[in-house]
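Note sheet for the following structure.
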Protein chains: 2
Amino acid sequence: MKRNVLIIGAGGVAHVAAHKCAQNNILLGDIHIASRTLAKCEAIIASIKEKGSKHGPGRLQAHALDALDIEATKTLIRETGSQIIINVGSPFLNMSVMTACIETGAAYLDTAIHEDPDKVCEPPPWYGNHEWKRRDDCKKAGVTALLGVGFDPGVVNAYGRFAVDTYFDQVDAIDIIDINAGSHGRYFATNFDPEINFREFTSTVWSWENNRWKSSKMFEHRQQWDMPVVGNHTTYLTGHDELHSMSKNLGVPNIRFWMGFGDHYINVFNVLNSLGLLSEKPVRTAEGDEIVPLKVVKAVLPDPASLAKGYTGKTCIGDLVKGTKNGIAQEVLIYNICDHEESYEEVGSQAISYTAGVPVVAAAMLIADGIWDVGHMVNVEELDPAPFIEQMNKMGLVTRVRDAKGDRVLEPQRELLMNAPVEELEDTATYEYFAHDQALLTKGQPSRQHDMR
Amino acid sequence: MKRNVLIIGAGGVAHVAAHKCAQNNILLGDIHIASRTLAKCEAIIASIKEKGSKHGPGRLQAHALDALDIEATKTLIRETGSQIIINVGSPFLNMSVMTACIETGAAYLDTAIHEDPDKVCEPPPWYGNHEWKRRDDCKKAGVTALLGVGFDPGVVNAYGRFAVDTYFDQVDAIDIIDINAGSHGRYFATNFDPEINFREFTSTVWSWENNRWKSSKMFEHRQQWDMPVVGNHTTYLTGHDELHSMSKNLGVPNIRFWMGFGDHYINVFNVLNSLGLLSEKPVRTAEGDEIVPLKVVKAVLPDPASLAKGYTGKTCIGDLVKGTKNGIAQEVLIYNICDHEESYEEVGSQAISYTAGVPVVAAAMLIADGIWDVGHMVNVEELDPAPFIEQMNKMGLVTRVRDAKGDRVLEPQRELLMNAPVEELEDTATYEYFAHDQALLTKGQPSRQHDMR
């Protein structure tokens, strides 16, 4: 059992995580929010109070912290008695915050790989560059370090694990598909920090094909998908952290990540990129000033946080898994639909932040409960996905599954029973469970309210 | 008679002007080139020596000069004994250089209206904002100040004057059409300083319609034209300096300027403009620095001078004039075709600079000769266009005319005779002129070599 949470960062994901921690602070205890800019932490606390998110007693406090300063972070962890550290700050902070956790014994969670500010997007082997080098240190210290537990990476890793274990004897391919079918109504904007956002797309795209890494260029490979609720969308093969750990841990020969982009987004991106305006290397103006073009692009683009109000539509993110079961070809899509307006209504953020912020808190709750408090470093697909999916189902982030049997809420225990070997099914209790729950096997658009049981 | 030329500026147009002055220095005398950066002037002199452009004796010298400093400019004018000042520097310099001319008695020529660096593109009444306020001063000093004598403004003004006087009793409309059908082979570039180039397109577009100013937005009005040599091209209604003076001086109810843009140019322009990256107003970066986005865009774009080598294709600029003669509707296109590669071969510049730099030197030669040395301030359409067109025909910038009679080199004297009242034509000499020159009434693509008689 662990208690008291320190959230590091005060951006969109931190905002959602703080709300969700506050909603669950009977389990989680005190909630602390720390970032370089105290005012941003205080704004989150004001939002929590306004929405009435906090349900139990306990502290809710803002702190100014430069999380690159390991000693200052350790001091804050100790002073606040925090046993769970949710790092949702800049990806440049991961290794210093993790070190502070190892040296204080606190559990560590993040939602993206560590990045070196001098590199454009981390090259392979991603986790191998930084995080996994501390694996032995975590084990020695008995520290739980849970890497990449947002939606993607995070939930999609758990979906992959669940699919591999439940629906297949052999899996040939996992295609992770990330579609934002929402509209912010602005000419152009990125959904999170443009400096981080664009870095994802300006370097080599890596995918895992036939058990090998394959490189391609951004926007080189295009694929249409017919997705539930949001319908037909065009996606492009993109590199993403989770491919690395999933390729190591799932034994699946093909794992690809597909990001949905509209033609307008791609056009703007291509113009800026072709002109060199997305470069993080300084250029010299006619006046002799050294300026990083990407910082100017960031300055003219809307602040991602400003997009939440008025954002309409839905996101659809999931794993399309193909393989065989009992010699028969199977295709299973495990996915989530998240609504921008409902997210804003509940916590004051759009769905992009919501889908990343809820999972990390669900994971923190499983660590607090002891279920996922494994005492060493893990990626999400190394843990039992069932309690994680169950926990998110209760927190407003409902998982669904679409396969030959139809489209339904994914309730892990029921799916496990349904797909267990035949001898296990010849058990009266199982048949009763199905009879009672038949109504849940419904098709169509999920409703968050309906599913928040 | 005036002699010795001081060229102010060392950009693309200055480069061409210096070459052309050097080619004609038997008439023009000493050639001086002055700009803030001495090295740029020296590079032009090196290019003149490399191409062997200088034909006669006389000085060819580079000078460092801040032409906003009127006293320094006057000193340089006096020390060099320059009687003709060709101002092809930044458009921010016009009024200080003109003042230096008024105070020293030197003739003044430029190729674009004065601009205030704090304004995005001068609003109407353009020449009325600055230049024309010094009209009385020029007259009092007996100083020839010839405004806007590049191609457009400049040559197109002379074309308008020539058409109105020669081919029509009444003119309804002059459409000035500017098409660059060349290719620089780069992803995107502007043909002259991006800061000046984009300013033309980011504000209100003014056109002269039914004897009134009409405003519209950039890229609001689109028009296809079938032009000689370069073929079918799409253009957009654009504001341009010459509309102001031509509307005052020609008595034509409709005068419009159409600039050719490819879809790719417009797309890049629209993305940059919509994002706010063409703004001359500073934005604040996340790090707190104040940066003017347009200066960063300029820094990432290719230096226009670097485009000349390898630039292929042709420009086509002209006046399409519609009206009536003897009660019959007439349509006349007076135009020039300029080839990027031939321009580079001759003077080391592309055609955009060539078409602006040759006319100002042709005008300087007419001032040196006394023909255009009128001793007061004028716009080009206030002067006799015939000697100007003749002079340019000899200098590599050949004017052609396309009308019901065909497509031919425009030789002013012949056209005047051809279109003179019938009683004037009943003259043996005229008939002989036609018989001798019939071969010139050819259709098809002009050749600069052939036409350089």
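The values are calculated or read from the model by the stated rules, or taken from the named source; none is laboratory data. None of these values were measured; they are calculated from a predicted model. All Cβ positions, even for glycine, are placed from backbone atoms using ideal geometry, and neighbour counts span all protein chains on display.
Scanning segment A:284-293 for residues that are more than 7 Å from chain B (Cβ to nearest Cβ) and within 23 Å of A:E115 (Cβ to Cβ) yields a total of 2.
Mind listing just one residue for me: the one in segment A:317-328 that is surrounded by 15 or more Cβ atoms within 10 Å (Cβ to Cβ) and out of contact with any Cys (no Cβ under 9 Å at 6 or more places or on another chain) and, of those, farthest from the other protein chains (Cβ to nearest Cβ)?
Residues of segment A:317-328 that are surrounded by 15 or more Cβ atoms within 10 Å (Cβ to Cβ), as a first pass: A:317-323, A:325.
Of the ones still in play, those that are also out of contact with any Cys (no Cβ under 9 Å at 6 or more places or on another chain) are A:318-323, A:325.
Details: A:G318: 32, A:D319: 34, A:L320: 33, A:V321: 38, A:K322: 38, A:G323: 43, A:K325: 49 Å.
The qualifying residue farthest from the other protein chains (Cβ to nearest Cβ) is A:K325.
With the structure loaded, tell me whether B:H244 is part of a loop (DSSP other than H, G, I, E, B), closer than 30 Å to B:G160 by Cβ and more than 14 Å from chain A (Cβ to nearest Cβ) or whether it fails that test. It is false that B:H244 is part of a loop (DSSP other than H, G, I, E, B), closer than 30 Å to B:G160 by Cβ and more than 14 Å from chain A (Cβ to nearest Cβ). Against the list (1) more than 10 Å from every other protein chain (Cβ to nearest Cβ); (2) touching a Pro at 6+ places or on another chain (Cβ under 8 Å); (3) not in a strand (DSSP E or B), the condition A:G239 fails is (2).
Among the residues of segment B:252-283 satisfying the criterion of being among the small types (G, A, S) and part of a loop (DSSP other than H, G, I, E, B), which is nearest to the other protein chains (Cβ to nearest Cβ)? Quick ask: steps written out before the conclusion?
Kept after step one, since they are among the small types (G, A, S), are these residues of segment B:252-283: B:260, B:262, B:274, B:276, B:279.
Still in the running and part of a loop (DSSP other than H, G, I, E, B): B:262, B:276, B:279.
Working: B:G262: 14, B:G276: 4, B:S279: 8 Å.
Here the residue is B:G276.
Looking only at residues that are out of contact with any Phe, Trp or Tyr (no Cβ under 7 Å at 6 or more places or on another chain) and of a type in the set (A, V, I, L, M, F, W, C) in segment B:77-96, which one is surrounded by the fewest Cβ atoms within 10 Å (Cβ to Cβ)? My answer is B:F92. Can you confirm whether A:A158 is part of a helix (DSSP H, G or I), in contact with a Pro (Cβ under 7 Å, 6 or more places away or on another chain), buried (at least 16 other Cβ atoms within 10 Å of the Cβ) and not assigned by TED's automatic domain parsing to the domain that holds A:G9? When the stated conditions are applied, A:A158 passes them. The residue that is surrounded by the fewest Cβ atoms within 10 Å (Cβ to Cβ), counting only those in segment B:165-193 that are part of a strand (DSSP E or B) and among the small types (G, A, S), is B:S183. If you go through segment A:294-316 and keep only what is surrounded by 15 or more Cβ atoms within 10 Å (Cβ to Cβ), more than 13 Å from chain B (Cβ to nearest Cβ), in contact with a Gly (Cβ under 8 Å, 6 or more places away or on another chain) and modelled with pLDDT of 90 or more, you end up with A:Y311, A:G313, A:K314, A:T315.
Please tell me if A:E71 is at pLDDT 95 or above and of a type in the set (D, E). Yes: the conditions hold for A:E71. Screening B:E331, B:E345 for residues that are over 30 Å from B:F168 (Cβ atoms), surrounded by fewer than 19 Cβ atoms within 10 Å (Cβ to Cβ) and not aromatic (F, W, Y) leaves exactly one candidate, B:E345.
Of all the criteria given as (1) at pLDDT below 95; (2) under 21 Å from B:N273 (Cα atoms), the one not satisfied by A:L275 is (1). The residue of segment B:387-445 that is nearest to the chain's Cα centre (by Cα), among those that are modelled with pLDDT under 95 and β-branched (V, I, T), is B:T442. Among the residues of this structure, A:D152 does not count as one that is within 15 Å of the chain's Cα centre (by Cα), assigned to a strand (DSSP E or B), among the charged types (D, E, K, R) and closer than 22 Å to A:A362 by Cβ.
Condition test on A:V361, is it at negative phi and either surrounded by fewer than 23 Cβ atoms within 10 Å (Cβ to Cβ) or within 14 Å of chain B (Cβ to nearest Cβ) (or both)?
It is false that A:V361 is at negative phi and either surrounded by fewer than 23 Cβ atoms within 10 Å (Cβ to Cβ) or within 14 Å of chain B (Cβ to nearest Cβ) (or both).
The lone criterion from (1) under 20 Å from A:V360 (Cα atoms); (2) assigned to a helix (DSSP H, G or I) left unmet by A:E79 is number (1). When the test is whether a residue is under 20 Å from B:A368 (Cα atoms), out of contact with any Leu (no Cβ under 9 Å at 6 or more places or on another chain) and surrounded by 20 or more Cβ atoms within 10 Å (Cβ to Cβ), B:I7 passes it.
Could you say which residue among B:A163, B:A181 is touching an Asp or Glu at 6+ places or on another chain (Cβ under 9 Å) and over 24 Å from B:H130 (Cα atoms)?
Working: B:A181 fails: touching an Asp or Glu at 6+ places or on another chain (Cβ under 9 Å).
When all the criteria are applied, what remains is B:A163.
Checking the structure you have, find out if any residue of segment A:213-223 is of a type in the set (F, W, Y) and surrounded by 23 or more Cβ atoms within 10 Å (Cβ to Cβ). Within segment A:213-223, none of the residues are of a type in the set (F, W, Y) and surrounded by 23 or more Cβ atoms within 10 Å (Cβ to Cβ).
For segment B:209-222, name all the residues that are free of Cβ contacts under 8 Å to residues at least 40 places away in the same chain and in a strand (DSSP E or B).
B:R212, B:K214, B:S215, B:S216, B:R222
The sole residue among B:I102, B:I86 that is in a helix (DSSP H, G or I) and either closer than 21 Å to B:G375 by Cβ or not assigned by TED's automatic domain parsing to the domain that holds B:G29 (or both) is B:I102.
Of everything in segment A:19-67 that's small (G, A, S) and assigned to a helix (DSSP H, G or I), which residue is nearest to A:A107 (Cα to Cα)?
A:A22
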